[in-house]
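Nothing in this text is a laboratory measurement; each read-out follows from the coordinates by a stated rule. Computed from a predicted structure; not experimentally measured. Neighbour counts run over all protein chains shown; Cβ positions are idealised from the backbone, glycine included.
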Amino acid sequence: MRREDEPQEFAVAELYFGEIRSWLPYRESAQPWQISAGSQLAGDDELTAPYRVSNNIANALVSAIDHLHTLDSLLIGAGASHTLSPFTLIRGAIESAAQAAWIASPQEPQLRVTRSLSLSLKEAQDRANAYGEIASQRPQHAATLPDFKEDEAELNEILAKTGFSSKLKAPSSTQILKDVRELVPRTSVLSIWQLCSGFAHARQWASDAVLTPTTAVSLADGVTGKHNRPTMKITVWAMTAAMDLTRYSLDRYTELAQAQSTD
């Protein structure tokens, strides 16, 4: 991955990284997340406290920005050239930004509230599973385990108090990506996320799909060894999905956090 080989792609990457650096205040300060009284988000938060809609959106976006800034540090700051790990970071950014977009995108408060509480249900479920595994290895910690049934009951009680005729269902990452893919039609965020997940899980199909080996060596028993090298073209293509989703979600948060006009 050399600048002289891909000058246009490096130029796009530097534009992306400049934009990511402009997002760092969202990661480093609470100020950009301020919510105006009378805004749509203020109303959502009042309905869902203490599981605030704004917190779920903000937490997801901070994660997305952090993953993207690490990619900036890896590729530009350190000048490193890794084959697979950039896609793992992009995958994390896509997944996080998609969660924010999934919650923030609906115009209807009922859907924003239900999706946010459903994501909180998913988090409670994942936490209980993770802590349960820890406790199975260290039984002395069993007394401090979270009670998923209590969390589930609390979240359903909050939803019932809103008066919305909805049901909570913990979403999968795949379902979230399917629901948000039309929000940023410039790229196929679902397929790019699947590809990046393939890299993260060491799936050969992902490398075969987009990487061209620079060398191929015949090994014993008919095995071929391939040496794959990254290109900035593929990296920028994958980054575009993460950038578009993050940008969309930041803009949507700003819109929802502004006081509504009384005109």
Problem set entry | Note, ³J(HN,Hα) from phi for the stretch 116-131, Karplus 6.51, -1.76, 1.60, rounded to Hz, x at Gly and Pro | 5, 5, 5, 5, 5, 5, 4, 5, 4, 5, 5, 4, 4, 5, 5, 5
For this session: Pick out, from V184, A58, L159, the residue whose Cα sits farthest towards the positive end of the charge dipole of the chain, with +1 on the Cβ of Lys and Arg and -1 on the Cβ of Asp and Glu.
Result: V184
Seminar exercise, completed: Unit-weight point scatterers at every alpha-carbon of the stretch 25-77, Debye formula, q = 0.15, 0.26, 0.31 1/Å: log10 I(q)/I(0) is -0.51, -1.00, -1.16
For this session: Please report Rg over Rh for the stretch 1-113, where both radii come from the alpha carbon positions and Rh follows the Kirkwood definition.
Result: 1.08
Problem set entry | Candidate lysines for bridging to K169, where Cα separation is under 18 Å - those fewer than 8 sequence places away on the same chain excluded | K122, K149, K161, K178
Seminar exercise, completed: By the mean-Cβ-within-10 Å protection proxy, highest first, 28-35, 55-62 rank as 55-62, 28-35
Exercise. Summing -39500 (n - 2.57) over the DSSP H runs of n ≥ 4 in the chain and dividing by its residue number, what mean residue ellipticity at 222 nm do you reach, to the nearest 500 deg cm²/dmol?
Worked result: -21000 deg cm²/dmol
Exercise. Reported to two decimal places, what Rg/Rh ratio describes the chain when computed on Cα atoms with Rh from the Kirkwood expression?
Worked result: 1.04
